[in-house]
Every structure is written in structure tokens, then in C-alpha cells.
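Throughout, read-outs are computed from the coordinates displayed, never taken from laboratory work. The structure presented is a predicted model; accordingly, all values stated were derived computationally and were not measured. All Cβ positions, glycine included, derive from the backbone under ideal geometry; neighbour counts span all protein chains shown.
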Amino acid sequence: MWENISTKLEKGAPVIIEHPLDVIVSKGSPATLNCAAKPPGTQITWYKDGQPVTTNKDQVNSHRIILDTGALFLLKVNSGKNGKDGDSGSYHCVARNEHGEAQSREGTLKIAMLRDDFRTRPRTVQALSGDKAVLECSPPRGFPEPVVSWRKDDRELKLSEILRMTLHPDGNLIIEPVEHGDSGTYQCVATNMVGERVSNPARLSVYEKPKFLLVHFFQQEPKDVTVDVGSSVLFDCRVSGEPQPQISWKKKNDQMPVARAYIAKDNRGLRIDRVQVSDEGDYVCYARNPAGSIESTARLKVQAPPTFQTKPVDQSVTQGSTATFECVPNLLFPGHVSADGRVKVSPSGTLTIADVRPVDEGAYVCAAMNSAGSSLSKALLKLSTKVAITVPSICVRPNMCLLGVTVALIQGCYLCNFVSSD
């Protein structure tokens with residue numbers, strides 16, 4: 001029984017046992033459309049878009065060949081001239097013998113293509129750190145539809161490993177939040193079976209608002225400084241940012257000492273040479289870039305050797321009287337304030353010596369001191385002498401007598417006071 005069925009199949013009408021499938025191939029590549037039928041020896045004929053296919057059997061130099069298996073082999077797929085007479089289209093095979101024929105299902109052959117020009121090319125983008133950056137890309141037209149990927153600095157971006165980066169279905173690369181490390185050169189890559197197309201590079205610049213650098217966990221903002229007259233001073237102002245912030249300095253409410261002030265090249269600090277008292281004041285460091293600006297203020301205090309508003313002058317007093325020395329701002333004198341309260345210094349700097357005695361004679365020094373130096377002013381205290389001599393009365397005439405002569409010796413000068421009596 002089985003032998004009879006087998007015999008009938010071998011001798012009966014053809015049956016398609018393998019149908020052609022849809023195929024996509026690159027231009028210039030080989031392609032195979034399969035077709036198989038039973039019984040053996042069945043003749044296979046191919047049709048494209050309903051028309052018989054010209055093969056090597058019909059034309060010796062044809063690139064289309066029907067294999068012994070019945071498959072149609074295309075040695076080098078081409079698109080034809082102006083899209084005509086090309087190999088793309090719908091194919092089916094027909095199996096024939098003396099008992100009949102059978103037609104396969106249709107299979108399409110499509111030629112893959114990928115144009116050169118990107119519909120939207122990436123462009124240079126500038127973004128603030130922490131914001132969203134979008135790099136646009138619309139790939140070239142192609143078949144099959146090209147797959148888009150991105151490169152950064154000539155290296156493929158593994159977007160699955162970077163949570164901040166997302167590939168939009170239209171091909172755009174979205175980075176949110178964008179970081180300074182994302183700065184670089186980006187390229188959009190479109191790929192299908194034809195090959196790949198790479199866009200021109202586009203630069204992503206991520207700006208960071210200026211901030212003062214941390215050195216050993218301390219911000220390098222300018223600090224208040226006190227210096228002596230004639231010395232040099234340097235205010236630090238170290239900042240970071242992207243792009244590198246521009247540093248400028250100003251003096252609040254005053255002119256900068258331009259001839260003696262300049263910005264250091266290494267750390268952008270402000271240096272002032274040969275400091276003068278007029279340089280004292282507040283100095284402001286400004287740091288700016290497209291992302292924003294910051295500022296910081298430091299005060300410069302200038303110390304000069306002190307000067308006297310009032311200097312003590314030499315004093316000459318008599319014993320028992322009071323001597324006063326005035327000095328602003330300070331007064332130093334031999335010894336200490338006396339226990340008996342004769343020598344006192346007032347808060348204003350006046351030295352008072354009451355009941356002057358010979359032991360008080362000498363030099364008294366008024367001294368003003370600070371870190372910039374000192375100034376001294378000296379005054380002498382002298383004790384003047386007074387000697388009184390009384391001589392007997394002398395009668396010149398009965399009606400005129402010198403009742404007495406008092407002679408005073410003051411600092412070597414004799415003064416006589418005469419008292420007469422009628």
C-alpha cells in the first residue's frame with residue numbers, strides 16, 4: 001500500500017516543499033531565493049513581479065542562476081538603472097511536470113540602502129552643570145531603518161551603563177543632569193546592514209559656576225591682611241569653573257593703586273608692592289564665566305610707625321610745685337607711679353608730678369609703638385633753685401632807712417626786691 005502511494009507521488013503533479021522567503025541584501029552582494037518541489041526532476045521556473053526571470057539558461061552572462069536544487073541565485077544584486085530592471089521585487093517559483101504544476105508563495109527581495117546625509121546633524125551645545133543637555137541627531141534615510149548610536153571622543157558610549165544618558169527614539173541623545181565630565185566631542189552613528197554613517201563631530205561644553213577651590217578643606221578666598229608700610233601683600237583668590245572663570249579685582253569705594261598692584265599669573269591673586277597707608281581698605285575678587293559669578297572681599301590694614309599728635313616739652317619747676325608733661329599717644333617715664341600718689345598718668349597720656357623733688361629730675365620719654373616700629377620723644381625736668389638773703393636795715397638819713405633787702409637767686413639770676421619806708 002505504501003509503495004503504491006509513494007509511486008503515485010513520484011509520478012503525480014508537483015508539490016512545493018520549500019517556499020522562497022523575504023530577503024534583504026546589500027547592493028552588490030549575492031542573494032539566494034530558495035524553492036524546492038517534488039517529485040524529483042520537476043522543472044522549476046522563476047517569476048519576478050509576475051514576469052519570467054531571465055537566467056543564465058536564457059542569457060549566458062546573466063547574473064541570475066537557477067541552481068540544481070531549484071533555488072534562484074543572484075550573483076551580484078543590483079538596483080538597475082533609475083530603479084528599473086533591478087533585482088528588488090516579488091519572486092515566486094513554479095514547479096512543472098507532465099502531471100501538472102504548483103506555484104510557491106511569494107518572497108520579496110529588497111535591496112538595503114543607507115544614504116550619506118544625516119537629516120539632522122549634531123550641533124555644538126553649551127549647558128550648565130546640573131541642567132539637561134540635548135544632542136540632536138536624525139540619521140540618514142535607509143533600509144532597513146538604521147540604528148543610532150553615539151560616540152564620545154571617538155569611543156562608543158555604552159548608554160546602558162550611564163543612567164544619566166538616554167537615547168530618544170528619534171536619535172537624540174539626552175543627558176540629564178549633565179556634568180562637567182560630559183564635556184567632549186560627540187558623533188552620531190547610523191548603522192544598518194549596508195554599513196555605517198558617522199556624523200561630523202559636535203562639541204558639548206558643560207559650564208560650571210565659579211567656586212572657590214578647596215585646599216586642605218579650606219576655601220581659597222581672599223583673607224583679611226595686616227601689613228607694615230613699605231612691604232608687599234598678596235591676596236589669594238583661587239577658583240574653579242568651566243570654562244575657566246575670569247578673575248578681576250577692585251577696591252571698594254576707591255581707586256586701585258595701579259602702579260603698584262597687579263594680578264599674579266599663577267593663582268590670579270592680587271599683589272600690591274610698597275604698600276602705603278592710602279592702600280588701606282576693602283579689596284574684592286570677582287570670578288565670572290558664562291555660568292555665573294561669585295565675589296569675595298578682604299580687608300587690608302596698613303600699619304605705619306606711630307607719630308605724635310602732642311609731644312612733651314622740657315619743664316623747669318621749683319621744688320614743691322607741679323610738673324605736667326603732655327604726650328599723645330603714649331608716655332613712658334623712669335620708675336612707676338609713686339606709692340604716695342605724687343606721680344600720675346591720666347588716660348589721655350598726661351604725666352603729672354606733684355610736689356616736685358630733686359629725685360624727680362631727669363629725662364622723661366614718651367614712646368609710641370606698634371608692629372611697624374616706634375617713635376620716641378624726650379623731655380627734661382629740671383628743678384629750679386630759690387635762695388633768699390636778708391640783710392640788716394641800713395639808715396641813710398634819719399628820715400630814710402632801708403628796712404631790708406631781699407635777694408632771690410633763681411637759676412643764677414639775682415633779683416632784688418626793695419622795700420622802703422617813709
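Points worth noting:
- A simple rule links phi to the HN-Hα coupling: the Karplus curve 6.51 cos²θ - 1.76 cosθ + 1.60 with θ = phi - 60°, which for the range 98-111 gives 5, 9, x, 8, 9, 10, 7, 6, 7, x, 9, 10, 10, 9 Hz, with x for Gly and Pro.
- In terms of other Cβ atoms within 10 Å, Met369, Met165 run from fewest to most in the order Met369, Met165.
- Fewest neighbouring Cβ atoms within 10 Å first, the residues Ile111, Ile263 line up as Ile263, Ile111.
- Peptides 355-362, 282-289 ranked from most to least packed give 282-289, 355-362, packing being the mean of other C-beta atoms within 10 angstrom over each peptide's residues.
- Amide H contacts of Asn172 (H built 1.01 Å from N, in plane; Pro and chain starts excluded): Cys137 sit under 5 Å, all sequence-distant by 5 or more or on other chains.
- Counted charge near Val125, where neighbours are those whose Cβ lies closer than 9 Å (Asp, Glu -1; Lys, Arg +1): +1
- Karplus-derived 3J(HN,Hα), 6.51/-1.76/1.60, for each residue of the range 356-366, Hz, glycine and proline x: 4, 10, x, 5, 7, 4, x, 9, 10, 10, 9
- Integer Hz, Karplus 6.51/-1.76/1.60 couplings in order for the range 244-254, x for Gly and Pro: 3, x, 8, 9, 9, 10, 9, 9, 5, 6, 7
- Using the Cβ of Val229 as centre and a radius below 14 Å, the other residues enclosed give a net charge of -1, where K and R count +1 and D and E count -1.
- Once the C-beta distance of His168 and Gln103 is scaled by a Förster radius of 35 Å, the resulting FRET efficiency is 0.15 to the nearest 0.05.
- Of the residues Cys237, Cys137, the one with the fewest other Cβ atoms within 10 Å heads the list, and the complete ranking is Cys137, Cys237.
- For Ser321, the residues whose modelled amide H falls within less than 5 Å of its own, excluding neighbours fewer than 5 places apart on the same chain, are Val356.
- Positive contributions from Lys and Arg (+1) and negative ones from Asp and Glu (-1), summed over other residues with Cβ under 10 Å from the Cβ of Asn200, come out at +2.
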